[in-house]
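See below for the structure under consideration.
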Amino acid sequence: MTKEQVRFPVDAGTEDYTDEPGRIQDAKWTAARVWRKSRFAIITIINLTVFFIAWELIARFGPFNQLVFPTFSDTMNSFKIGWFGGGNLEGFNNRLLADFVIVQNFMESLKLYSISMVISIGLGIPIGLMMGASKWVDAILSPYVWTLSSLPRIAIYPILVMMIGIAGSWSFFGIITLEDPIQYWVVILTAIFPVIINTWAGVKTTEQSLINAAKVFGASRTQLYLKVVLPYTLPFVVTGIQLSLSRGLIGVVLAEFLTGAQRLGGVGWLIFRSAAVFNAPLTYAALLSLAIFALVLVQGTRAMEARIAPWRQQTKA
Amino acid sequence: MSSGDGKPPLIVAENLTCGYELERERKLLTALTGISLTVDEGEFLVLVGPSGCGKTTFINVVAGIIKPWEGTITFDGKPIVGTGSDRAMVFQDYAILPWRTVEQNVLLPFELRDLNVSKEEAKQRAHKIIDDVGLAGFENSFPHELSGGMKQRVGIARAMVTQPRVLLADEPFGALDAMTREVLQRQLETLVMESKQTVIFITHSIDEAIALGDRIAVISNRPGRIREIVSVDMDRPRLAEGELTGHPDYGKLREHLWDLVKDEALGAKVDAA
Ligand SMILES: Nc1ncnc2c1ncn2[C@@H]1O[C@H](COP(=O)(O)OP(=O)(O)OP(=O)(O)O)[C@@H](O)[C@H]1O
Ligand SMILES: [Mg+2]
């Protein structure tokens, strides 16, 4: 291979670009473009490295007691044992810490979270659509929706306790069993409203001129909803789902704090319990797990938004 | 080209009054009042008037989107009760669907109404018209990737693709640069000459009105009334080099229209005097 052949195409030669007017062409992968596209990833990696090193140093030599502010390495050790097992617990703070303890609790939380989110989204979208499309449904439901959505959800917890109790389980057709149904109530009540309200707002704010245009070109009422209102609303729904996903996460931690358990109460419970027994590395490891999960989730939904509504691009300021 | 050739007019508006309900203020706003107007088949009627005088409102009544409060309006002898495939519209604010590509936007009329056009033919027609308005190569672009003028051309293509009997055009060239504007004006002129397209056309430009219209209706300040209807008796094509400004009637006509429109633009003061 000659030197000529491996040359990185830094110079997008004139032969690659034509003067043909209006021609849309594929952008070349020049070094400058690679840097422009990936600089945020590079900066993030450097940023996090510095952060973790600083953490380690401050925990080791800083003014805090390691009992409450563990080192990064201890945290990672608990993280490793909690997720992948095979840990040597000898000489280690092993209150609550055990092989796979984070995974097991994580799975508990994931079940609570995913089922509640499916219910929230599955109910929230049609409720929002109906409220947006029908003045009657709007008039009937909106007092409840607005009151419940603005009320701090934890305030209705005692009522839920009185109504459904804190333990027990609901079984649906023997297919699925929900332990502690009150937890599902807490999560759904925290998560459902952003979906409802955003969907409703999307329907309500559909541009009149788009509706007029569809009418002029012959849209029936059904077509108007299918071809204009729904697509217009879709990005609002996605925003609602995004908000809802992070609200739901709050709901999960809240529900697990409130109802507690002896074992396997979920990640929220693990954070709470491990702190109560002064196993700070485990608390931090569980928290870190939650943070990573939340981050992946948010980034995932942002990618989803970009795919679903490319016309609503972020301004590149 | 006023009526008198025996055929009844295509559109007849009699004593129309219409307006809007202002929900917040619980008031009714009269946008247009006492509008009586006819449009012949094959005629090019231009509406000019100050901003907010009700031009868009009138065109929406013809389109069938707005119901008049009083008066009657008929199309081909039948009262207008809703929209129809015989009337297509180019919107002042484009009103193209942002989630559809240029091609999909232009195909919308075929999708919404059963016009007895096969899928292939619809596609063919769409491509032809996209080509005609100068958007070839952008069939698969999304509106957010287009300039304002290009979006407006999508709107024009969407309205023309079904070959409607009447084209309702609400300031279709308002957002275009001078050159594109002239190109499209000439295309429209050719279309009008060749196929006798009936057009109701709104503009703020007196030159454009003279260049394109058979008759020009000047509308007064809100509530809009017809101030005067001016006939333009000039041969087409008018847009060829020097034809328009060199025409002996041009200067007088322009001045007359200017006076009318200026009066209306300064409406409040005129009323007070
Ligand atoms: N949807 C609406 N609701 C309430 N009032 C409206 C609405 N649309 C128009 N109006 C009012 O009706 C009047 C006429 O509006 P219209 O859009 O027909 O004006 P126009 O002549 O097209 O003006 P422009 O040249 O600025 O487009 C305006 O004064 C406006 O305030
Ligand atoms: Mg207007």
Quickly run through segment A:191-236 and pick out the residues that are polar (S, T, N, Q) and over 26 Å from the mean Cα position of the chain (by Cα). A:T206, A:Q208, A:S209, A:N212, A:S220, A:T222, A:Q223
Hey, could you check segment B:73-88 for residues that are among the β-branched types (V, I, T) and free of Cβ contacts under 8 Å to residues at least 60 places away in the same chain and say which is surrounded by the fewest Cβ atoms within 10 Å (Cβ to Cβ)? B:V81
Among the residues of segment A:76-89, is there at least one that is outside any helix (DSSP H, G or I) and crowded, with 17+ Cβ neighbours inside 10 Å? yes
Considering each of B:I11, B:I96, B:I35 in turn, give the residue that is within 14 Å of chain A (Cβ to nearest Cβ) and of a type in the set (V, I, T). B:I96
Meets criteria (buried (at least 20 other Cβ atoms within 10 Å of the Cβ) and among the hydrophobic types (A, V, I, L, M, F, W, C)) for A:M131: yes
Just for strands (runs of 3 or more DSSP E) wholly inside segment B:1-102: which have at least 3 residues that are in contact with a Ser or Thr (Cβ under 7 Å, 6 or more places away or on another chain)? B:11-22, B:27-39
Contact list please: Cβ distance under 8 Å, first residue in segment B:33-60 and more than 25 Å from B:E194 (Cα to Cα), second residue assigned to a loop (DSSP other than H, G, I, E, B) and away from ligand 2 (no atom under 16 Å from the Cβ), pairs at least six apart or on different chains. B:T33/B:R225; B:G34/B:R225; B:I35/B:R225
Out of the residues in segment A:224-244 that are closer than 20 Å to B:P143 by Cβ and open to solvent by 20 Å² or more (accessible area, probe 1.4 Å), state the one that is nearest to the other protein chains (Cβ to nearest Cβ). A:P231
Inside segment A:165-187, can you point out the residues that are in a loop (DSSP other than H, G, I, E, B) and open to solvent by less than 50 Å² (accessible area, probe 1.4 Å)? A:G165, A:G168, A:D180
Taking B:L16, is it under 15 Å from the mean Cα position of the chain (by Cα), within 16 Å of ligand 1 (Cβ to nearest atom) and under 28 Å from A:A219 (Cα atoms)? no
I'd like to know if segment B:22-40 contains one or more residues that are closer than 27 Å to A:A214 by Cβ, more than 16 Å from ligand 2 (Cβ to nearest atom) and at pLDDT 95 or above. yes
The conditions are (1) at pLDDT 90 or above; (2) not assigned by TED's automatic domain parsing to the domain that holds A:S244, and A:D74 fails exactly one of them. Which is it? (1)
Report whether or not A:L270 is part of a helix (DSSP H, G or I), under 23 Å from the mean Cα position of the chain (by Cα) and either surrounded by fewer than 19 Cβ atoms within 10 Å (Cβ to Cβ) or within 13 Å of chain B (Cβ to nearest Cβ) (or both). no
Only one residue in B:A136, B:A169 is farther than 21 Å from A:L226 by Cα and at pLDDT 95 or above. Which one? B:A169
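So that you can scan it fast, the table gives a plain yes or no per residue for (1) away from ligand 2 (no atom under 16 Å from the Cβ); (2) more than 10 Å from every other protein chain (Cβ to nearest Cβ); (3) open to solvent by 50 Å² or more (accessible area, probe 1.4 Å):
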{"residue": "B:L146", "(1), (2), (3)": "yes, yes, no"}
{"residue": "B:K151", "(1), (2), (3)": "yes, yes, yes"}
{"residue": "B:G155", "(1), (2), (3)": "no, no, no"}
{"residue": "B:R158", "(1), (2), (3)": "yes, no, no"}
{"residue": "B:A169", "(1), (2), (3)": "no, yes, no"}
{"residue": "B:A178", "(1), (2), (3)": "yes, yes, yes"}
{"residue": "B:R181", "(1), (2), (3)": "yes, yes, yes"}
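Matching residues to (1) over 20 Å from B:I59 (Cα atoms); (2) within 16 Å of ligand 1 (Cβ to nearest atom); (3) surrounded by 22 or more Cβ atoms within 10 Å (Cβ to Cβ):
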{"site": "B:L184", "(1), (2), (3)": "yes, no, no"}
{"site": "B:K196", "(1), (2), (3)": "no, no, no"}
{"site": "B:S205", "(1), (2), (3)": "no, yes, no"}
{"site": "B:A217", "(1), (2), (3)": "no, yes, yes"}
Within segment B:31-68, residues over 26 Å from B:I210 (Cα atoms) and surrounded by 15 or more Cβ atoms within 10 Å (Cβ to Cβ) come out as B:G64, B:I65, B:I66, B:P68
Being farther than 30 Å from B:R113 by Cβ, touching a Ser or Thr at 6+ places or on another chain (Cβ under 8 Å) and either in a helix (DSSP H, G or I) or open to solvent by 50 Å² or more (accessible area, probe 1.4 Å) (or both) is the requirement here; does A:I102 meet it? yes
Filter result (part of a strand (DSSP E or B) and either open to solvent by less than 10 Å² (accessible area, probe 1.4 Å) or not small (G, A, S) (or both)) within segment B:219-236: B:I219, B:G224, B:I226, B:R227, B:E228, B:I229, B:V230
Does segment B:79-89 hold any residues that are among the hydrophobic types (A, V, I, L, M, F, W, C) and within 10 Å of chain A (Cβ to nearest Cβ), and which are they? B:A88, B:M89
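The values are calculated or read from the model by the stated rules, or taken from the named source; none is laboratory data. Note that the structure is predicted; figures quoted are calculated from it, not measured. Every residue, glycine as well, gets a Cβ built from its backbone with ideal geometry; the counts of neighbours run over all protein chains shown. For accessibility, only protein heavy atoms count, side chains too; no ligands or nucleic acids. Shrake-Rupley method; radii C 1.70, N 1.55, O 1.52, S 1.80 Å.
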